[in-house]
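The values are calculated or read from the model by the stated rules, or taken from the named source; none is laboratory data. Since we're looking at a predicted model, the values are computed, not measured. Virtual Cβ from ideal backbone geometry, glycine too; neighbours counted across all protein chains shown. Only protein heavy atoms, including side chains, enter the accessible area calculation; ligands, DNA and RNA are left aside. Shrake-Rupley method; radii C 1.70, N 1.55, O 1.52, S 1.80 Å.
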Amino acid sequence: MLDRSLVQIAEASADARVYDRHTIRKVSDVWDNNTFPLFHAATALTSTGRERRARAALIWMADLGLARRKWMVEQAEAAGCPLEQVLPPPSVEPLHSRDYQGRVRPRFMPLTAENTVDLGADYDLAAAQVRTLLLERVGTQLTGSLVLAAPRRYGDRQVGGPSELHLWLEDVTEVRFDSHDRTGVALDHGTEGLVIGVGADGRLRATSGTAYPEDRTWHLSTAGRAADQRTPPREERTRRKPERQRPRPEGAALVAATILYFVMLEIRMVRYAHLADRIPVRLLASALADAGTDILAAGARRGSRRERAFRNLVESWIENAGPPLTSWFTDPLRHLASAERLPDGTKAWIEEITAPEQTPTPLVTALASDLPIEGELRLAKYTATSALVHLAHPPTEDSTNQRWRLRAYEVGDVSRFRLRADAFDGPHGLRTVGEPPSVESLILGPDALDVRGRKAQP
C-alpha cells in the first residue's frame, strides 16, 4: 500500500494541468498514524512475526471507517494482494452520533430531493448568504463547495450562535457567481441533477452533492428531533479500539521511519490551498519510490546487516531527491538526533550525512515574480475578505522542464469576485494588477474570472 500511495501521489502531481490536491492530501494522510506500525511489522524477527504484526496493523487501520477500508481494499487489489479475507467484515456505521452531552449530531447527507426539502424546512435559505465558494479541478473533474450563513427557522435564532450549511458538489457543469449577488439560495434536485440558485442570477449545477449543517443547536431542529428518536444513547455505541502501543524501531530503522513520516506530513500540507505551489510533491514522492518494498527487504535482515540496509535506504532517498531537496530530508534528521536517544554509531552517521557541506540551498518552490501571459484555472476560492486562485502555467521557452507548473495567487480585501464555468476550460489570457503572488486584481480570459481588490484600478 505504501508503494501504491507513492505512485498515486506522484501521478496526482505529475503536471499542473492534472494536479489533484484531494488525492494527494487523502493518500498522504494515511501515513500519519500508519508509518510506525509498518516499520514495526517489517522489523519482526521472523516471517511469521511479520505476518502477525502486519495483520494486526491492517485490521486497526481499516477500523478508521468505511472510506479508509474501501481505499485499502482498492489499493491492495491493484497491487495483486487481496485484503478482504484478511480484514473482518465492515462494521455498520450509525447514521448519527452523539456529543459528550448526549445530544444527537448531524451527519453528512446526500443532497437528494428529500434532504433538500428538509434543509429548507429548518433553515431560511431565501435569507442565506454565501460566505465561501470554492471551485477546483480534482484531476479532470470540476468539484465545488459552498459555506452558507443560513438563519434557523426553528427555536430561538439567537441561541447557539450563527449556523452554517456546508455543501460539497461533484461533477460541476455550470457556474455563474457574482459576489455582489450572493444573498438568497434555492436548492433543487431533479432529473437534471442538483441545481443551486444564488441571488437573483447566480447558479451552480452538479450531478450530486453532500451537505452538513454546522449548527450547535441542530438537535432541536425538525430533522434533529427525528434523528434523536432513532439514535441509541452515547454509552451504548461501540467505540473504536485505541491503537496498541508498539515499541519504536531502533537505530537506522527509526531514522528511515522518521524520514518517511515527515515527508508525508510535508506532502499533506497541500491541504492548505495557499501552500500547494510551495510543496515539491512530485519530487518528494519520486525520491521515495518503492519505499514499501525496500523497507520490507531491509527489515528482513538481522543485526548489523539490518542497520546497514536501512542506512543505505535513507542515503538512497536523499540521493534520489537530489541536492535542491536535501534539506527536506536532513532537517528532520537533525531534529531526530537532538530529540531521541540513539546509538552512538547512528548519531555519528546522521552527523555525517547532514554535515553543512552536504546540505545545499533548499529548493525555492515559489515561482519567480514574472507573470506568464496565460494560465489554466485549477482552483478559485472566494471569501468575504479574500480570494485565492490556482493557475497552471505552461513551461517557458527557455525551460528544460516541459511540465506545466502550479502557481497560487492571493487577492486581499476583495471588492468583487465573478466566476463562470468556462474559466476552467483550457488556457486563458491572464491580466493582473500588482506583484504576484499577492495581487490587487486578477482577470482570466474574457471576464470568465474577475477578481478585484479594493485598491484595484477600474
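Quick notes
- Note on Glu410: accessible area is roughly 70 Å² with a 1.4 Å probe, heavy atoms of protein only.
- In this structure the chain gives 49 Å² per residue of accessible area when probed at 1.4 Å with all protein chains present.
- Dmax and Rg, reported as Rg then Dmax, of the stretch 84-224 (C-alpha, Å): 16.5, 56
- Sequence-distant residues sharing a close amide H with Arg378 (under 5 Å, placed H): His390, Leu391, Ala392
- Mean Cβ count within 10 Å, highest first, over the residues of peptides 173-182, 2-11: 2-11, 173-182
- Counting only the Cα atoms, the stretch 172-307 fills a convex hull of 259 Å³ per residue.
- Taking only alpha carbon atoms, the stretch 1-119 gives an Rg to Rh ratio of 1.06, where Rh is the Kirkwood radius.
- Annotation: amide H of Ala128 within the under-5 Å range of Gly184, Val185, sequence separation 5 or more or interchain, hydrogens built in the peptide plane.
- Residue-count net charge about Tyr123 - beta-carbon cut-off 13 Å; Lys, Arg +1, Asp, Glu -1: -3
- The calculated FRET efficiency for the pair Thr112 and Arg271, based on their C-beta separation and a Förster distance of 22 Å, comes to about 0.20.
- Highest-first packing order for the peptide set 430-443, 15-28, 86-99 is 15-28, 430-443, 86-99, based on the mean count of other beta carbon atoms within 10 Å.
- Surface composition of the chain: carbon and sulfur atoms hold 50% of the protein heavy-atom accessible area at a 1.4 Å probe.
- The stretch 396-435 shape via C-alpha gyration tensor axes, a/c threshold 1.5: oblate
- With the simple model of a label 7 Å out from the Cα in the direction of the Cβ, Thr183 to Glu319 spans 6.6 nm.
- By the Kirkwood approach, averaging reciprocal distances over each pair of separate Cα atoms, the chain gets a hydrodynamic radius of 24.9 Å.
- Once the Cβ-Cβ distance of Arg416 and Ser208 is raised to the sixth power relative to R0 = 25 Å, the FRET efficiency obtained is 0.25.
- The stretch 278-320: trypsin sites (Lys or Arg not before Pro) in DSSP coil with no more than 12 other Cβ atoms inside 10 Å: Arg302
- Calculated Rg and Dmax of the stretch 247-317 using C-alpha coordinates, Å: 13.9, 45
- Calculated over the stretch 119-163: convex hull of Cα atoms, volume per residue (Å³): 85 Å³
- Remark: the stretch 339-344, residue by residue, has Karplus-estimated 3J(HN,Hα) of 9, 10, 8, 10, x, 4 Hz, where x stands for each Gly or Pro and the curve is 6.51 cos²θ - 1.76 cosθ + 1.60 at θ = phi - 60°.
- The order of the peptides 183-194, 251-262 by mean Cβ neighbours within 10 Å, most packed first, is 251-262, 183-194.
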